[in-house]
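Data first, discussion second: the structure below is written as structure tokens.
Coordinate-derived values only; no laboratory data. Here the structure is a predicted model, which means the values were calculated and not measured. Please note: Cβ atoms are built from the backbone with ideal geometry, for glycine as well, and neighbour counts cover all protein chains shown.
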Amino acid sequence: MRSFIAGLPKCELHLHIEGTLEPELKLALAERNGVPLPHSTVEEVRAAYEFDSLASFLVGYYDGMRVLLTEPDFYDLATAYLRRASAQNVRYAEIFFDPQAHTSRGVPFDVVIRGLRRALLDAERTWGVRAQLIMCFLRDFQAEYAMATLLESLPYREWIVGVGLDSDERGNPPEKFAEVFARARREGYLLTMHCDVDQENSTEHIRQCLEVIGVDRIDHGVNALEDPALVAEIARRGLGLTVCPISNGYVTGDRKTDAIRRMLDLGLRVTINSDDPSYFQAYVGENLEAVHEALGLTAAELVRLEHNAFEVAWLPRTIRDALL
Ligand code: HPA
Ligand code: ZN
């Protein structure tokens, strides 16, 4: 089944580009930009990663970004990811980026997006892998800053397919960003939000995504299974759920594969993704293998997972059909 998984055409829908920063590239960019780091080897960088919760993961995630300063840095970051993704037979990826994690450090928005955009265009030409960008707002910042970021993105509207919401969920419910997401919808962006696993108010946050925001997709969303009304509504709307089992294992101690089994059995459009593959040392292929190992999936079920992802991808039908 290993080679079956390797050869399966894949679609990645939950991937933070800043979470693909491998230690080798981090060290190289630190050197190029003259950014002092407390580590000088790959092993030292990895040894410093220690997370057992979303909050503790986010500390290292934001710290790693200090080496990303110029347009070529963002180009190199996205190119490295797309090279690896295409080697795993990823045909299409929707890539999150966190502009506020950079503008808050003085790196201009246009530096970030131009580097990423150029990498996407070159990767499609070089490896045939398609990708689109989803701009995430950091939910632990004020809604006003998210709105300002949304307005700053408008000149690049054609380069961004949708908006998302990530970072620390505690005390930062979806409804805090209702106005921002309503405006994003009016500007033509598609909408998704993280409802991370086992947060304080996970089911209430999923309810707000459905009833207040009107999302087109939910990132993670595993806790919906606790409430039959949420499951029914997600099924009725045919919403995709972008689940990240190895990431879930790091931040909760449980890869939530039993939940994936139930979602499959309920006919929900569950998809398997990598989230932050450098930090969790697992790209989408390893995530599929982990689910297969835990559940003993059939080939048809593995195909179903990827089929779900292509189905809920934010692509025009003709392009999706060509990729399938
Ligand atoms: N959850 C919330 N914020 C994030 C994540 C995540 O899994 N990865 C990067 N930022
Ligand atoms: Zn995520």
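Figures for the structure shown
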read-out	value
Single residue of the range 152-169 satisfying the filter (charged (D, E, K, R) and surrounded by 14 or more Cβ atoms within 10 Å (Cβ to Cβ)) that is nearest to T70 (Cα to Cα)	E152
Residue match in the range 129-151 (condition: of a type in the set (S, T, Y), surrounded by 16 or more Cβ atoms within 10 Å (Cβ to Cβ) and assigned to a helix (DSSP H, G or I))	yes
Considering residues of the range 229-248 that are within 14 Å of ligand 2 (Cβ to nearest atom) and in a helix (DSSP H, G or I) only, the residue nearest to H307 (Cα to Cα)	P245
Criterion violated by R217 - all others in (1) under 15 Å from the mean Cα position of the chain (by Cα); (2) more than 16 Å from ligand 1 (Cβ to nearest atom) satisfied	(2)
Residue list for the range 177-194, filter: hydroxyl-bearing (S, T, Y) and in a loop (DSSP other than H, G, I, E, B)	Y189
Residue within the range 234-243 that is within 14 Å of ligand 1 (Cβ to nearest atom), in contact with a helix residue (DSSP H, G or I) (Cβ under 7 Å, 6 or more places away or on another chain) and over 23 Å from K176 (Cβ atoms) present	yes
Some residue of the range 54-76 being among the hydrophobic types (A, V, I, L, M, F, W, C) and in contact with a Pro (Cβ under 6 Å, 6 or more places away or on another chain)	no
Residues satisfying the stated conditions in the range 183-230, i.e. surrounded by fewer than 22 Cβ atoms within 10 Å (Cβ to Cβ) and out of contact with any helix residue (DSSP H, G or I) (no Cβ under 8 Å at 6 or more places or on another chain)	R185, R186, L190, E200, N201, E204, E211, D216, P228, A229
Complete set of residues in the range 156-176 that are farther than 16 Å from F97 by Cβ, more than 16 Å from ligand 2 (Cβ to nearest atom) and assigned to a helix (DSSP H, G or I)	E175, K176
Conditions (1) free of Cβ contacts under 8 Å to residues at least 60 places away in the same chain; (2) in a helix (DSSP H, G or I): number failed by V107	(2)
Residues that are under 17 Å from G164 (Cβ atoms) and in a helix (DSSP H, G or I), drawn from the range 84-100	Q100
Residue that is more than 16 Å from ligand 1 (Cβ to nearest atom), buried (at least 22 other Cβ atoms within 10 Å of the Cβ) and within 26 Å of T20 (Cβ to Cβ), where the choices are A309, A294	A309
The range 142-173: number of residues that are within 19 Å of the chain's Cα centre (by Cα) and of a type in the set (F, W, Y)	1
Tally of residues being touching an Asp or Glu at 6+ places or on another chain (Cβ under 8 Å) and farther than 14 Å from C195 by Cβ across the range 232-253	3
Qualifying residue in the range 70-93 (condition: closer than 21 Å to L191 by Cα and within 15 Å of ligand 2 (Cβ to nearest atom))	yes
Residues of the range 1-52 satisfying the condition of being part of a loop (DSSP other than H, G, I, E, B), within 16 Å of ligand 1 (Cβ to nearest atom) and surrounded by 14 or more Cβ atoms within 10 Å (Cβ to Cβ)	L13, H14, L21, E22, Y49, F51
Filter pass, G267 being more than 18 Å from F57 (Cα to Cα), over 18 Å from the mean Cα position of the chain (by Cα) and small (G, A, S)	yes
Cross-chain or 6+ apart pairs with Cβ under 6 Å, the range 262-281 first and away from ligand 2 (no atom under 16 Å from the Cβ), then of a type in the set (S, T, N, Q) and in a helix (DSSP H, G or I)	R269/N308
Selected residue (criterion: surrounded by the fewest Cβ atoms within 10 Å (Cβ to Cβ)) from residues of the range 78-128 that are aromatic (F, W, Y) and under 26 Å from R217 (Cα atoms)	F109
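Okay, residues lined up against (1) assigned to a helix (DSSP H, G or I); (2) of a type in the set (S, T, Y):
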{"site": "G64", "(1), (2)": "yes, no"}
{"site": "L69", "(1), (2)": "no, no"}
{"site": "Y75", "(1), (2)": "yes, yes"}
{"site": "T79", "(1), (2)": "yes, yes"}
{"site": "L82", "(1), (2)": "yes, no"}
{"site": "H102", "(1), (2)": "yes, no"}
